[in-house]
């Protein structure tokens with residue numbers, strides 16, 4: 001169930017609380033259903049990303065460079081993944097299909113380190129899938145059909161998903177191209193490129209990975225899929241297209257069915273794609289646009305003529321991101337009308353590189369090794385705990401390091417998300433408390449004669465003769481050793497779990513706590529100092 005933890009061996013929960021948590025987490029009927037509408041997804045990712053839930057200490061905290069720095073980042077409609085200089089990968093965000101990579105379908109507001117991967121040098125993402133390339137050229141995938149629901153798990157019976165799987169058919173891969181929902185192009189170390197995609201059986205429960213080498217291309221630098229067209233950039237700046245779709249059989253073409261490569265444009269340094277729109281950064285500094293449906297010749301985007309000295313381009317959904325030589329970032333929301341103008345993303349300076357996503361979120365890696373994010377609109381993923389649609393105007397979120405919890409020197413792991421709200425650390429009910437020796441209990445209060453004899457849930461945490469409790473009335477009331485406190489408290493409900501203020505609880509119970517905000521390590525108990 002959500003929030004179960006373990007230290008070497010699995011701990012069993014109090015049965016009553018287990019049942020209560022199952023009911024609270026999954027509801028009456030649709031245990032596995034999560035709201036996936038635009039409003040929900042948009043209200044999610046940077047709280048996840050980390051920060052907009054209020055952890056302002058992480059925003060713009062860009063002093064000395066971190067020892068472990070981001071090397072690659074990518075995102076879907078509501079999740080993100082990043083590869084780091086130590087070879088690790090973190091994932092966060094909307095997780096119904098296991099796209100975060102933690103082996104669950106529980107949304108994660110704070111990044112989780114993804115276990116079981118080799119040393120990773122690049123990540124990529126589709127709408128609800130994630131991919132990684134190792135230094136040895138292996139490809140790993142998770143999310144959607146790669147991470148099927150796992151039934152019968154004794155710890156997490158209803159939200160267990162498969163963990164990352166190795167795509168055995170792909171070898172010697174240098175990098176993965178921007179992915180559409182089901183297919184991608186692998187660029188190999190020898191400069192060739194291969195279309196790869198899952199081919200499903202009739203029951204849609206099993207699949208084979210199919211490969212189609214893209215003949216006609218050598219010395220490939222980059223490749224994207226726009227509609228049914230592969231758009232490939234080769235050494236020397238030449239771009240060609242190759243149709244990938246067999247309309248008669250309603251499937252991707254096999255190698256023998258591929259047509260001739262059609263030259264498209266030359267003198268190109270970079271390209272980026274969003275749906276069927278491909279943008280090209282020309283060697284003369286201009287940006288060209290090409291659409292896979294109209295197939296008109298690439299044309300210079302006149303709206304961008306005022307943006308000079310562009311060194312890198314990336315895309316989000318219906319937006320183009322541009323990094324200038326001076327380290328500033330510019331954005332053009334190109335489908336908001338003919339009069340739409342590019343604008344500078346305030347708060348992003350000193351940027352080394354940028355990364356695009358499948359949604360309306362952008363990532364930036366600063367010169368001092370910080371991974372930053374920004375976004376707006378329904379699919380931005382820049383949500384907060386209050387489900388607002390975007391971060392405050394001009395706000396930039398810094399992606400948090402993954403949390404690690406130690407109780408009395410021992411590692412503690414739990415499935416549910418932790419979160420940072422208004423700069424404070426919150427954890428689920430079933431997280432670190434049992435390992436600390438804290439006794440937890442949920443009871444109903446006495447009837448309140450002033451409010452139609454209503455009763456309220458009272459959740460208590462007891463340790464060494466001290467008790468902290470939260471009375472869930474119209475306004476949450478903090479009780480310390482049975483007496484109401486004037487302190488205002490809030491118990492946010494995030495990712496289908498009620499979260500509790502860990503720092504406050506530990507302070508009232510006299511439990512030492514040390515939280516290293518730079519590394520994400522949280523030490524509790526005797527070994528915290």
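The values are calculated or read from the model by the stated rules, or taken from the named source; none is laboratory data. Here the structure is a predicted model, which means the values were calculated and not measured. Don't worry about glycine lacking a Cβ; one is built from the backbone with ideal geometry, like all the others, and counts go over all protein chains shown.
Per-structure values
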item: Residue that is modelled with the highest pLDDT, among those in the stretch 513-527 that are out of contact with any helix residue (DSSP H, G or I) (no Cβ under 9 Å at 6 or more places or on another chain) and surrounded by 15 or more Cβ atoms within 10 Å (Cβ to Cβ); result: 523
item: Residues located in the stretch 335-350, provided they are surrounded by 17 or more Cβ atoms within 10 Å (Cβ to Cβ) and closer than 18 Å to residue 285 by Cβ; result: 342
item: Failed item in (1) more than 20 Å from residue 241 (Cβ to Cβ); (2) modelled with pLDDT of 95 or more; (3) outside any loop (DSSP other than H, G, I, E, B), with residue 349 passing the rest; result: (3)
item: Residue check, residue 304 within 25 Å of the chain's Cα centre (by Cα) and farther than 18 Å from residue 177 by Cα; result: no
item: Exclusive hit being within 29 Å of the chain's Cα centre (by Cα), closer than 25 Å to residue 317 by Cα and surrounded by 14 or more Cβ atoms within 10 Å (Cβ to Cβ), set 195, 211; result: 195
item: Residue check, residue 311 in a strand (DSSP E or B), surrounded by fewer than 20 Cβ atoms within 10 Å (Cβ to Cβ) and without any contact (Cβ under 8 Å) to a residue 24 or more places away in the chain; result: yes
item: Search result, residues across the stretch 111-126 that are surrounded by fewer than 20 Cβ atoms within 10 Å (Cβ to Cβ) and either assigned to a loop (DSSP other than H, G, I, E, B) or in contact (Cβ under 8 Å) with a residue 60 or more places away in the chain (or both); result: 113, 115, 116, 118, 119
item: Subset of the stretch 174-186 [surrounded by fewer than 23 Cβ atoms within 10 Å (Cβ to Cβ) and modelled with pLDDT of 95 or more]; result: 174, 175
item: Where residue 90 falls short, out of the listed (1) surrounded by 20 or more Cβ atoms within 10 Å (Cβ to Cβ); (2) closer than 21 Å to residue 209 by Cα; (3) in contact (Cβ under 8 Å) with a residue 60 or more places away in the chain; result: (2)
item: Within the stretch 429-439, considering residues that are crowded, with 17+ Cβ neighbours inside 10 Å and over 13 Å from residue 503 (Cα atoms), the one farthest from the chain's Cα centre (by Cα); result: 438
item: Single condition residue 101 does not satisfy, out of (1) more than 21 Å from residue 417 (Cβ to Cβ); (2) at pLDDT 95 or above; result: (1)
item: Among residues of the stretch 492-512, those that are modelled with pLDDT of 95 or more, surrounded by fewer than 19 Cβ atoms within 10 Å (Cβ to Cβ) and either within 28 Å of the chain's Cα centre (by Cα) or under 12 Å from residue 403 (Cβ atoms) (or both), counted; result: 1
item: Residue 281 in contact (Cβ under 8 Å) with a residue 24 or more places away in the chain and closer than 22 Å to residue 77 by Cα; result: no
item: Extreme residue, modelled with the highest pLDDT, among residues of the stretch 159-173 that are part of a loop (DSSP other than H, G, I, E, B) and either within 17 Å of residue 112 (Cα to Cα) or in contact with a helix residue (DSSP H, G or I) (Cβ under 6 Å, 6 or more places away or on another chain) (or both); result: 164
item: Matching residues in the stretch 242-260 - criterion: being closer than 17 Å to residue 295 by Cα and either surrounded by fewer than 18 Cβ atoms within 10 Å (Cβ to Cβ) or without any contact (Cβ under 8 Å) to a residue 24 or more places away in the chain (or both); result: 243, 245, 259, 260
